[in-house]
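> Dropping the structure in here first, questions after.
Derivation of every value follows stated rules applied to the coordinates shown; laboratory data play no part. Just so it is clear, the structure is predicted and the values come from calculations on it, not from any experiment. FYI the Cβ positions are ideal-geometry reconstructions off the backbone, even for glycines, and counts take in every protein chain you see.
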Amino acid sequence: MQDTINLLLTRRSVRSFEERPIEEEQLKLLKEATLRAPTAGNMALYSIVEVFDPMKKQKLSEICDNQDMIAQAPLVWVFLADMQKWVNYFHESGAVEKAERDNLASYRKPGLGDLHLCMQDAIIAAQNAVVAAEALGIGSCYIGDVIENFEALRELLDLKQYTIPACMLIFGYPKGKKPVKLTPRCPATSIFMTDSYQQPHLEQLKTAFAQHEMQRRTTNSLPYDNTGTLADYYYLRKHTSPFMEEMNRSTSVMFDWWCNG
Ligand SMILES: Cc1cc2nc3c(=O)[nH]c(=O)nc-3n(C[C@H](O)[C@H](O)[C@H](O)COP(=O)(O)O)c2cc1C
């Protein structure tokens, strides 16, 4: 048990990889551990596209805010929320037809609730993969930008109506020494709330993010010549950034496609 807790307490995202591919036996274990993740109704409402084609990896890295490490990673997994497989199964098996014939149910298209569950399945499987990879000595990093440029991703991976990206992971053996210094986290008291949501305000938020702010100040990365706050940093660098605007546009398109085709 201690090993698992230690592993969780010391994991870091890894963004620089050795060139060698993941060993076959390890890849098999990584896949098995990923698939053992809990899944709603045991329906496996997700699929994983492994991108090996170098041209596709290059394109993917451009789509995802030009992060070169994607093209260089030996293993790239795009996790899809996938209801398409069940839509196909329901229709092709005759389940829809039989239920209509016997007046048991009329066909219902997948909605936002289905999407929500599919997303949960996909992301839970992804986190299993992160933990399993870490146990195998394989580094990993999520790529949030996979939800940008949906139209280009759809074309690149030949996505269907009920398959949309939930998250993405890149893996590889860490190049050089793993960073020992952990990234800061908020204290548990600022995250866990008892029995109802307690809206945090300025003083609580300053305390919650004090370590993050200190780290940024130490590395001279706060706005206004390093005199700004962490709120200034995230407001300017993330919240009002062009990539966030693109994520919101792209997500609207994918949700609309799921709902309306
Ligand atoms: C949903 C999500 C999206 C992320 N997207 C990116 C990304 O596009 N590029 C990147 O370098 N890191 C990305 N990360 C990694 C985070 O930056 C990282 O987890 C965070 O800074 C904490 O560092 P740690 O994982 O080393 O503890 C992402 C993480 C998550 C959970």
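> If I model a spin label at H116 and K206 as a point 7 Å from the Cα along the Cα→Cβ vector, what separation in nanometres do I get?
Once both label points are built, they end up 3.6 nm from each other.
> Next question, about the same structure. If you add up the charges near P110, with Lys and Arg at +1 and Asp and Glu at -1, over every other residue whose beta carbon is less than 12 angstrom from its beta carbon, what do you get?
Values: positive: K85, R108, K109, K160; negative: D82, D114.
Combined, the nearby Lys, Arg, Asp and Glu give +2.
> If a/c stays under 1.5 just call it rounded; otherwise compare a/b with b/c (prolate if a/b is bigger, oblate if not). Do that for the chain, with a ≥ b ≥ c from the square roots of the Cα gyration tensor eigenvalues. Provide the component values of the computation, followed by the final result.
Details: a/c = 1.68, a/b = 1.43, b/c = 1.18.
Prolate, since a/c reaches 1.5 and a/b exceeds b/c.
> Now for a separate question. Could you work out the relative contact order of the chain, using alpha carbon pairs under 8 angstrom and six or more residues apart, expressed as a whole percent?
Details: 344 pairs, mean separation 67.0, N = 261.
Relative contact order, the chain: 26 percent.
> Continuing with this model, one more query. How much length is gained if the chain between Q198 and E92 is pulled fully straight, taking 0.36 nm per residue apart and subtracting their Cα-Cα distance, in nm to one decimal? Provide the component values of the computation, followed by the final result.
On the way: separation 106, 0.36 × 106 = 38.16 nm, distance 4.84 nm.
Gain in length upon complete extension: 33.3 nm.
> Still on this structure: If you line up the long axis of helix 24-35 against the longest principal axis of the chain, both from Cα atoms, how many degrees apart are they, to the nearest 10?
Between the helix axis and the principal axis of the chain, the angle is about 80 degrees.
> When the chain is fully extended, how far beyond the present Cα-Cα distance does L9 get from S190, taking 0.36 nm per residue of separation? Mind showing how you got there, number by number?
Details: separation 181, 0.36 × 181 = 65.16 nm, distance 1.82 nm.
Stretched out fully, the L9 to S190 stretch lengthens by 63.3 nm.
> Let me know the shape class of the range 18-130, please: from the alpha-carbon gyration tensor, a ≥ b ≥ c as square roots of the eigenvalues, rounded when a/c is under 1.5, otherwise prolate if a/b is greater than b/c, or oblate. Provide the component values of the computation, followed by the final result.
Numbers: a/c = 2.72, a/b = 2.09, b/c = 1.30.
Because a/c hits 1.5 or more and a/b exceeds b/c, the range 18-130 counts as prolate.
> Return the loop-located chymotrypsin sites (Phe, Trp or Tyr not before Pro) in the range 1-83 (DSSP other than H, G, I, E, B) with at most 15 other Cβ atoms within 10 Å of their own Cβ; answer none if there are none.
Details: sites: F17, Y46, F52, W77, F79; in loops: F52.
When the chymotrypsin sites (Phe, Trp or Tyr not before Pro) of the range 1-83 are filtered for loop state and at most 15 Cβ neighbours within 10 Å, F52 remain.
> Apply the Karplus curve 6.51 cos²θ - 1.76 cosθ + 1.60, θ = phi - 60°, to the phi angles in the range 80-92 and return the couplings in whole Hz, x for Gly and Pro.
10, 5, 10, 9, 4, 4, 6, 4, 4, 4, 4, 6, 5
> Highest mean first, what order results for 53-60, 100-107, 241-248 on Cβ atoms within 10 Å? Let's see the in-between values first.
Details: 53-60: 15.4, 100-107: 9.5, 241-248: 13.5.
Result, highest mean first: 53-60, 241-248, 100-107.
> Taking a ≥ b ≥ c as the square roots of the eigenvalues of the Cα gyration tensor of the range 70-217, is the shape rounded (a/c under 1.5), prolate (a/b larger than b/c) or oblate?
Details: a/c = 2.74, a/b = 1.57, b/c = 1.74.
Since a/c reaches 1.5 but b/c is at least a/b, the shape of the range 70-217 is classed as oblate.
> May I ask you to derive the relative contact order of the range 1-104, considering only C-alpha pairs under 8 Å and at least 6 residues apart, and to give it as an integer percent? Don't skip to the answer; put the middle values down first.
Details: 65 pairs, mean separation 29.1, N = 104.
Taking the mean separation of contacting Cα pairs over the length of the range 1-104, I get 28 percent.
> Work out the length of the dipole vector of the chain about its Cα centre, built from +1 on the beta-carbon of each Lys and Arg and -1 on the beta-carbon of each Asp and Glu, and round it to the nearest 20 debye. Numbers along the way, then the final one.
On the way: 28 positive and 33 negative charges, 134 e Å.
Taking the Cα centre of the chain as origin, the dipole is about 640 debye.
> Right, something else. Between 0 and 90 degrees, rounded to the nearest ten: what's the tilt of helix 242-260 against the longest Cα principal axis of the chain?
20
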